[in-house]
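Everything on this sheet refers to the single structure shown next.
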Amino acid sequence: MAKILCVLYDDPVTGYPPEYARDDLPRVDHYPGGQTLPTPKGVDFTPGQLLGSVSGELGLRPFLEAHGHTLVVTSDKDREGSVFDQELADADVVISQPFWPAYLTAERIARAPKLKLAITAGIGSDHVDLDAAIEHGVTVAEVTYCNSISVAEHVAMMILSLVRNYLPSYQTVLDGGWNIADCVSRSYDVEGMHVGTVAAGRIGLAVLRRMRPFDVHLHYTDRHRLPREIEEELNLTFHETTADMVPHCDVVTINAPLHPETEGMFDDQLIGTMKRGAYLINTARAKICDRDAVVRALESGQLAGYAGDVWYPQPAPADHPWRTMPHHGMTPHISGSSLSAQARYAAGTREILEAWMGGTPIREEYLIVDKGRLAGAGAHSYSVNK
Ligand code: NDP
């Protein structure tokens, strides 16, 4: 019987379960492009429930315990001697979410001799040292597509929020003020702007589709070019590299995974080639941007705004400079953990566990590392250091 160690974010400060704002979720059958939503044999939760926090347990406990497995759930992951570190020693499976990542470093993987499977309940497995997973024969899987549209919606919201100066204007209302000039001195229309995405995968393409009705000029760069009919449908301008694209853009949105090719990509030099007053939206991974270069660019006016929901480390310390830099629209890492997304990635996690326990193949599109090499979605979108 297996021991499954699940690291989830804390419950609401007001207690669990929360009072829900709505009674149900809209029904979605397929993702764009036709991939089916997760297909576990069953689920033990009601879609729309808070599943991603400790008491939500991704709805896994009845299923796992019915099969004789042990489930340990904790949010305690970073301090010396954390529950995560203690329980990892004899865990067979680790489940973690990018929003509250259990960093499976090479050292931790070396200290987990029984570890066979690391599941990302979400998308983005950069919190797992993939080289070490390859070396130790650990399978890494994530729930591809589960929250891609959730993130694309968040990106569209953040582009509009920054360009139209929404957050400072809202703050004016909270403060009891009415100075229109203060609010509009940094407010523009998105219409006519040049909007570019670094990567046009599931999220990047969904962002392009969502921005199209705003009558903007759309640009993208990616390692693989999109089919010509999509380029024509959206009137896309393709650029061979990020460096080629960003000087043309008023808004740049980053939608690539964090891996050796993308780490530190947006540094002083690259940001310096952007238009003065460009906006940068990063919901992909914090380390794609140089933390202090972003602060410098906002302070100098090179960037008019920066928004996103990804930080390093997570949770971000209270003194992280992105909390206090000017003209930002940061949220904690929430874009991919709406209640809608949680229902999908909880079901996808269960689907992966059912396959693994039943000895049947995990869906190819969920695999990042398998049998000692990059596999599935991982082979397409990631790189490793070897
Ligand atoms: P996909 O795998 O569908 O798309 C990733 C795209 O990035 C692929 O098209 C890939 O290219 C491209 N890419 C990889 N390396 C580069 C590079 N060096 N330059 C340009 N393009 C590159 O993933 P998703 O769209 O679903 O997710 C993207 C990322 O967003 C995730 O890896 C994750 O880090 C982040 N994310 C954030 C969430 C949040 O809550 N904030 C939630 C979900 C994801 P190709 O495959 O053509 O080689």
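Distance from the Cα centre of the stretch 181-252 to that of the stretch 263-281, in angstrom? Taking the Cα centre of the stretch 263-281 as reference, the centre of the stretch 181-252 is 15 Å away.
Taking a ≥ b ≥ c as the square roots of the eigenvalues of the Cα gyration tensor of the stretch 109-149, is the shape rounded (a/c under 1.5), prolate (a/b larger than b/c) or oblate? Prolate is the answer for the stretch 109-149, as a/c is 1.5 or above and a/b outweighs b/c.
Semi-axis lengths, largest first, of the ellipsoid equivalent to the stretch 44-156 are 23, 19, 14 Å, with √(5λ) applied to each eigenvalue of the Cα gyration tensor. In this structure the amide hydrogen of G305, modeled in the peptide plane, comes within under 5 Å of the amide hydrogens of L280, none closer than 5 places in sequence on its chain. With contributions of -39500 (n - 2.57) from each DSSP H run of at least four residues, the per-residue ellipticity at 222 nm computed over the chain stands at -8500 deg cm²/dmol. Here the stretch 167-294 is treated as a sphere whose radius is the Kirkwood value from Cα pairs; by Stokes-Einstein at 10 °C and 1.306 mPa s it diffuses with a coefficient of 101 µm²/s.
Straight-line cross-link reach from K371 at under 23 Å between alpha-carbon atoms covers these lysines, not counting any fewer than eight positions away in the same chain: K3, K114, K116, K386.
Seen against the Cα atoms of the chain and their longest principal axis, helix 291-300 is set at about 20 degrees.
For the stretch 275-379, a Kirkwood radius taken over Cα pairs fed into Stokes-Einstein (37 °C, viscosity 0.692 mPa s) yields D = 200 µm²/s.
For the stretch 229-303, the normalised intensity computed at q = 0.18, 0.19 Å⁻¹ comes to -0.72, -0.80 (log10 of I(q)/I(0), Debye sum over alpha carbons, equal scatterers, no solvent). Inter-label distance, D267 to R323: 2.8 nm, where each label sits 7 Å from its Cα along the C-beta direction. Between helix 339-358 and the chain there is an angle of about 30 degrees, using the helix long axis and the longest principal axis of the Cα atoms. Where the centroid of each part is defined by its Cα atoms, how far is the stretch 69-112 from the stretch 302-331 in Å? Using only Cα atoms, the two centres lie 26 Å from each other. Taking max minus min of the alpha-carbon positions on each principal axis, the chain gives extents of 63, 49, 42 Å, largest first. For A256, nonlocal amide neighbours, meaning residues 5 or more places apart or on other chains whose placed amide H falls under 5 Å from its own, do not occur. Over all directions, the projected convex hull of the C-alpha atoms in the stretch 1-95 averages 8.3 nm² in area.
Report note on the peptides 119-125, 169-175, 200-206, 109-115: ranked by the mean count of other C-beta atoms within 10 Å, highest first, their order is 119-125, 200-206, 109-115, 169-175. Any chance you could give the angle, 0 to 90 degrees and rounded to 10, that helix 202-211 forms with the longest Cα principal axis of the chain? Long axis of 202-211 versus the principal axis of the chain: about 30 degrees. For the stretch 217-311, applying the loop criterion from DSSP together with a ceiling of 15 other beta carbons within 10 Å to the GluC sites (Glu not before Pro) yields E240, E261, E263. In order along the stretch 92-97, phi translates into HN-Hα couplings of 8, 9, 10, 10, 8, 10 Hz, rounded to whole numbers, per the Karplus curve 6.51 cos²θ - 1.76 cosθ + 1.60 with θ = phi - 60° and x for Gly and Pro. From the square roots a ≥ b ≥ c of the eigenvalues of the alpha-carbon gyration tensor of the stretch 328-386, which class results: rounded (a/c under 1.5), prolate (a/b over b/c), or oblate? Here the stretch 328-386 falls in the oblate category. For H217, the residues 5 or more places off, or on other chains, whose built amide H falls under 5 Å of its own are G192, M193, H194, V195.
Of all DSSP beta bridges confined to the chain, the antiparallel ones make up roughly 10%.
Each value in this text was obtained by applying a stated rule to the coordinates, not by laboratory testing. Fair warning: this is a prediction, and the values are worked out from it, not measured in the lab. In this analysis, Cβ positions are derived from the backbone assuming ideal geometry, glycine residues included, and neighbour counts consider all displayed protein chains.
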